[in-house]
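Here the structure is laid out as structure tokens; the discussion comes afterwards.
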Amino acid sequence: MPIFEPSQWRAWLERIAGAEGVLDRLADPGDPQARAEAHRLLFAILATGYQTAFSDPDHPDFAPSVSSILNTVGVNPDFIYGAARIDGGGVYRLSGTRGDGVFVFLDLVAGGLGPMEDLGPSVGMIDLDACTLGPDGSFDILLGGERPEGHAGDWFPLDPRVVTIGLRHAYYDWGAGRDLRIAIERVDRRVGGGPVPAAEITHRLDRLSAFVERYATFALGYGQRQRAQGFVNRLEYDDWAGRGGVAGQHYYQGIFRLEPGEAMIIDTAVPDPVRYWNVQLNDPLWNTIDWINHQSSLNAVQARLDSDGRFRAVIALDDPGVPNWLDPAGRREGSLMLRWTGASSGPEPTLRIVPASELRSHLPDDTPLVTPDERDEVIRHRRRGAQWRRRW
């Protein structure tokens with residue numbers, strides 16, 4: 001019997017179509033706008049999944065499963081992501097130059113969100129700044145096997161459970177400085193090989209067709225759970241351990257919901273020291289709100305701290321004329337997340353709803369006024385920087 005049959009193709013399409021049942025998790029399943037956006041998400045999931053569905057541990061490459069285009073599951077606007085499939089029993093070489101970003105993390109995981117994986121824990125983390133770097137930031141790292149005699153670079157053992165290396169490199173000042181350059185190669189086998197066998201293609205497409213419902217359930221379940229647990233205009237703490245989070249990172253997350261004429265003030269101390277921090281807005285489907293054309297996120301360089309050293313931001317539908325406006329792009333509801341990475345503490349932000357017309361009376365007296373022309377230039381600078389930097 002041939003491996004590919006018309007019935008197989010129909011079975012895949014029917015499985016993908018069955019993912020529409022997940023849309024019952026929407027806050028308002030009957031809202032035509034919400035359903036249209038959820039249908040778009042299902043197509044994005046197919047594209048996201050395909051990025052890594054055919055990754056090969058013998059020919060690894062850091063594939064961009066999320067990006068400014070595939071902005072699903074709360075992708076961080078300051079991060080460039082990659083995922084490379086590997087064999088925990090193999091030996092791999094990482095080489096390149098660090099660049100000028102805030103950090104470069106390599107998370108060794110026993111499972112992840114990709115179509116060929118099931119969720120599993122992180123079993124190792126490499127911080128590139130803890131490795132041997134040349135004067136130009138160059139590195140040469142071996143993973144797995146035994147450390148070769150005479151190898152001048154770093155060597156790390158591999159846990160046999162590792163199936164993926166998750167890459168994150170973070171940038172504060174978008175488009176400025178040098179980007180990371182990184183290559184991964186398997187060195188315990190020769191390069192080469194033939195086409196992917198037909199049976200393996202069928203298996204991977206089978207996993208990809210099932211991935212749509214699994215990923216959509218994960219994405220929509222995020223907001224559904226928070227609403228059910230009462231984290232509306234409230235924040236919860238999470239560390240995302242074993243679910244794609246960075247080790248040692250503090251996350252505060254929740255649902256924002258504004259009524260007409262309202263604004264939300266986010267107010268927090270800033271830990272000292274802190275290696276990296278940001279705040280971002282996501283839509284109700286947990287897609288990060290378009291950060292290229294909207295100031296929907298802020299980081300330590302983009303934000304302005306008040307004279308008392310605190311960070312205050314405002315979520316409002318209309319531009320309130322303050323530096324730290326978080327623009328929800330016309331949405332009265334969505335989710336927000338704040339991260340502290342490498343911080344001496346994890347201060348919890350407070351959220352306060354105020355009348356938009358009285359906003360300035362609830363902010364420090366020296367809060368600057370940002371004019372429409374100034375805001376336009378800020379967004380144009382943001383757009384240029386987002387396009388100048390590497391995005392995938």
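The values are calculated or read from the model by the stated rules, or taken from the named source; none is laboratory data. Fair warning: this is a prediction, and the values are worked out from it, not measured in the lab. Heads up, the Cβs are rebuilt from the backbone with ideal geometry, glycines too, and the neighbour counts pull from every protein chain shown. We work out accessible area using only protein heavy atoms, side chains counted, and drop any ligands, DNA or RNA first. Shrake-Rupley method; radii C 1.70, N 1.55, O 1.52, S 1.80 Å.
Split the accessible area of the stretch 147-287 by element, probe 1.4 Å, and carbon with sulfur accounts for 53%. Taken along its principal axes, the alpha carbon cloud of the stretch 90-200 reaches lengths of 46, 36, 28 Å, longest axis first.
Anisotropy class assigned to the stretch 156-208 is prolate, per the alpha carbon gyration tensor with a/c at or over the 1.5 cut-off and a/b larger than b/c. The stretch 1-72 gives an Rg/Rh value of 1.08, both radii derived from C-alpha positions and Rh following Kirkwood. Ordering PHE231, GLY120, LEU305 by the projection of their Cα atoms onto the charge dipole of the chain, which places +1 on the Cβ of Lys and Arg and -1 on the Cβ of Asp and Glu, puts GLY120 at the extreme positive end. The residues of the chain present an accessible area of 46 Å² per residue when probed at 1.4 Å with all protein chains retained. One equal scatterer on each Cα of the stretch 181-236, no solvent, Debye formula: the resulting log10 I(q)/I(0) at q = 0.18, 0.27 Å⁻¹ is -0.81, -1.01. Panel note: the C-alpha atoms of the stretch 1-123, placed on their principal axes, show extents of 49, 46, 24 Å (largest first). Taking TRP12, TRP277, TRP340 in turn, the Gaussian network model of the chain (Cα-Cα springs below 10 Å) assigns the largest fluctuation to TRP12.
Think of the chain as a dipole: +1 on every Lys or Arg Cβ, -1 on every Asp or Glu Cβ, centred on the Cα centre; then among ALA219, GLN295, VAL279, ALA219 lies furthest on the positive end.
The peptide list 189-201, 364-376, 63-75, 262-274, put in order of mean Cβ contacts within 10 Å with the highest first, becomes 63-75, 262-274, 364-376, 189-201.
Rounded to whole Å, the principal axis extents of the Cα atoms in the stretch 202-327 read 59, 38, 31, largest first. The charge dipole of the stretch 272-392, taken about its Cα centre with unit charges on the Cβ of Lys, Arg, Asp and Glu (plus for the first two, minus for the last two), comes to roughly 680 debye.
Add +1 for every Lys or Arg and -1 for every Asp or Glu among the other residues with Cβ under 14 Å from the Cβ of GLY261, and state the total. Residues close to GLY261 contribute a combined charge of -2. In angstrom, the C-alpha Rg and Dmax of the stretch 253-329 are 12.6, 38. The Cα trace of the chain gives Rg and Dmax of 22.3, 77 Å, the first to one decimal, the second as a whole number. The distance from the alpha carbon centre of the stretch 31-84 to that of the stretch 161-221 is 10 Å, rounded to a whole number.
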